[in-house]
Every structure is written in C-alpha cells, then in structure tokens.
Amino acid sequence: MDGFPFQVEVIRTERKKSASIQLQGDLVKVSVPMTLSDRHIRDLVIKRTSWIKRKLQEQSNRPIPAPREYISGETLTYLGKNYRLNVLIGEQPSVKLRRGYVEVTISDTDVDPKTTVHSLLQDWYRSHAQMRLEEKTSHLAEIIGVNPSSVTVKNYKSRWGSCSTKGDISYNWKIIMAPQNLVDYVIPHEMCHILEHNHSSKYWKHVERHVPNWREYREWLKHNEMAMDL
C-alpha cells in the first residue's frame with residue numbers, strides 16, 4: 001500500500017474477524033478480513049500512523065546484538081537465565097548444561113568448529129524446546145480446558161507460535177530462551193485460539209483469564225526478540 005512514510009503490506013485472510021497491525025523489521029503488516037475495503041484499511045493505517053512511527057523509532061534505537069563467534073566465554077540464555085559457553089574437545093560431540101555453563105564438545109579434527117558449535121547448539125535448543133513445551137502445553141491444556149491435536153516446534157522469523165483450525169499448535173523454538181513467565185504466556189496465547197480462532201475481544205478475555213499480565217509480556221517479547229537468537 002503506497003502513500004505512507006513506511007512500507008505497508010496488507011494480508012487478507014478468512015481467519016481474521018478484525019484488523020491488526022504488526023511490525024516485522026521496517027515492514028508494517030496489516031492483517032485484515034477478506035471483505036474489508038482498501039479505504040477502511042487506509043483509514044486504519046492513517047489512524048495508527050503515530051503509533052507506527054513511534055514503534056519504528058523504538059526499533060531503530062535498539063542496539064543490534066553483535067554476531068556470535070561460538071567460542072568459549074560467550075553468553076547464552078536458557079529459560080531466562082544466562083550461561084557461559086564452554087567449547088571442549090572430545091571424541092563424542094555433545095551439549096550439556098553444567099554448573100552455569102553450556103558445554104559443547106567437538107572433535108579436535110573439526111575443520112569448521114564455528115558451524116559445528118552452532119549446529120549442535122541449535123539441535124540442543126530445539127530438542128529441549130520440544131520437550132519442555134510439550135510438558136507445559138499438556139499441563140496448561142487441562143487448566144484451559146482444551147485438547148491440542150499436536151505440539152511441534154518450528155523456526156519462525158516473526159511469530160512465537162501458531163494454532164491451526166484443527167488444533168495443531170507449533171511454537172518458535174527460540175521462546176525457550178525467554179524467562180519462564182514469558183513461556184507461560186505464549187502457550188495459553190496459542191491454546192486459547194482453540195476456543196476462539198481469531199484475535200477478537202472475546203479471544204483476549206480467554207487469554208487474560210489465564211495470563212492477567214499478557215500485555216506486559218507481549219511488549220517484552222517485541223522489545224527482546226532480537227536477543228533471542230543463535
């Protein structure tokens with residue numbers, strides 16, 4: 001959509017009953033119901049322009065994390081706690097959490113240690129995310145009163161989770177880096193879509209029943225998403 005001092009992408013979907021605006025980098029994504037006219041979409045963006053500009057400015061002011069080198073001494077985060085990376089040499093490649101360290105063992109003949117450490121860490125995070133998120137989802141599903149069809153982890157770029165119309169739930173594995181209370185927000189956020197498959201006020205009432213501070217957690221995730229990466 002042209003005519004704005006920022007890039008706007010309009011996404012029409014049958015899943016939406018109301019319009020929503022999300023920022024993905026410098027791109028403003030506007031998700032709307034299939035039947036909403038271009039004029040109404042433009043009016044919505046005009047109405048939210050001040051907010052959009054403020055959020056874009058906040059994003060530009062955030063420090064960009066330095067690229068990782070995957071060497072001993074770097075800081076890694078797991079469930080909101082910081083750990084030091086310790087790269088060791090051994091016969092069997094492995095990743096272990098031990099006494100404040102994430103110990104990654106690689107072979108002394110490895111020709112590309114950086115890539116190997118990265119790959120081992122990502123596999124470790126993904127497997128732990130699958131295990132922990134399955135456990136938490138099972139526990140919270142009983143409390144919320146839903147029955148997810150499946151639980152998987154994926155590598156999303158701009159979302160923390162998804163819930164299909166069939167009740168299949170997937171999470172961004174990187175959420176396992178966030179503090180426990182943030183993880184315990186994302187899980188009900190997705191499971192409540194089984195009750196209400198939209199982002200209507202009725203849906204947010206379901207979320208608020210289980211996570212009263214959801215607004216605070218949602219903002220935290222928006223401001224810290226760049227730090228939760230490998």
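The values are calculated or read from the model by the stated rules, or taken from the named source; none is laboratory data. Small disclaimer: the values here were computed from a predicted structure and weren't measured. Positions of Cβ are generated from backbone atoms using ideal geometry, with glycine treated the same way; all protein chains shown enter the neighbour counts. Surface accessibility is based on the protein's heavy atoms, side chains included, excluding ligands, DNA and RNA. Shrake-Rupley method; radii C 1.70, N 1.55, O 1.52, S 1.80 Å.
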Worksheet entry | Relative contact order (%) - criterion: Cα under 8 Å, at least six apart; region: the chain | 14
Fill in: Contact order relative to length of the stretch 88-189, as percent, for alpha carbon pairs under 8 angstrom and 6 or more apart
20
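What does the charge count around ILE89 come to, taking other residues whose C-beta lies under 13 Å from its C-beta (Lys +1, Arg +1, Asp -1, Glu -1)?
-4
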Worksheet item: Dipole magnitude of the stretch 168-217 about its Cα centre, charges +1 at Lys/Arg Cβ and -1 at Asp/Glu Cβ only, in debye to the nearest 20?
Response: 120
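Once the Cα gyration tensor of the stretch 46-157 is diagonalised, what are the square roots of 5 times its eigenvalues, in whole Å and ordered largest first, as equivalent ellipsoid semi-axes? Let's see the in-between values first.
Values: eigenvalues 212, 128, 32 Å².
They are 33, 25, 13 Å, listed largest first.
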Worksheet, complete the sentence: For the chain, dividing by residue count, accessible area per residue (probe 1.4 Å) in Å² works out to 58
Practice prompt. May I ask you to give the percent of accessible area on the stretch 84-206 that is carbon plus sulfur, with a probe radius of 1.4 Å?
Written response: 48
Practice prompt. Quick one: dipole size for the stretch 1-125, taken about the Cα centre, charges +1 on Lys/Arg Cβ and -1 on Asp/Glu Cβ, in debye to the nearest 20.
Written response: 980
Worksheet item: Using the Kirkwood formula over every pair of different C-alpha atoms, what hydrodynamic radius in Å results for the chain?
Response: 19.8
Worksheet item: Mind checking the dipole of the chain: about its Cα centre, +1 per Lys or Arg Cβ, -1 per Asp or Glu Cβ, Debye to the nearest 20?
Response: 960
Worksheet item: In square nanometres, what is the average projected area of the Cα convex hull of the stretch 158-212?
Response: 3.8
Fill in: Under the Debye formula (equal points on every Cα, no solvent term), log10 I(q)/I(0) of the stretch 49-110 at q = 0.14 Å⁻¹
-0.57
Worksheet item: Distance in nm between label sites at ASP2 and ILE21, each 7 Å beyond Cα in the beta-carbon direction?
Response: 2.1
Worksheet item: Dipole of the chain (Lys/Arg Cβ +1, Asp/Glu Cβ -1, origin at the Cα centre): which of VAL151, LEU230, TYR101 lies farthest to the positive side?
Response: VAL151
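At a threshold of 8 angstrom on Cα-Cα distance, excluding pairs fewer than six apart, so keeping six or more, what relative contact order does the stretch 148-230 reach in percent?
On the way: 85 pairs, mean separation 20.4, N = 83.
Here the relative contact order equals 25 percent.
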Worksheet entry | Summed residue charge, Cβ within 12 Å of TRP160's Cβ, Lys/Arg positive, Asp/Glu negative | +4
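For the stretch 128-197, take the convex hull of the Cα atoms, compute a quarter of its surface area, and give me that in nm², please.
Value for the stretch 128-197: 4.2 nm².
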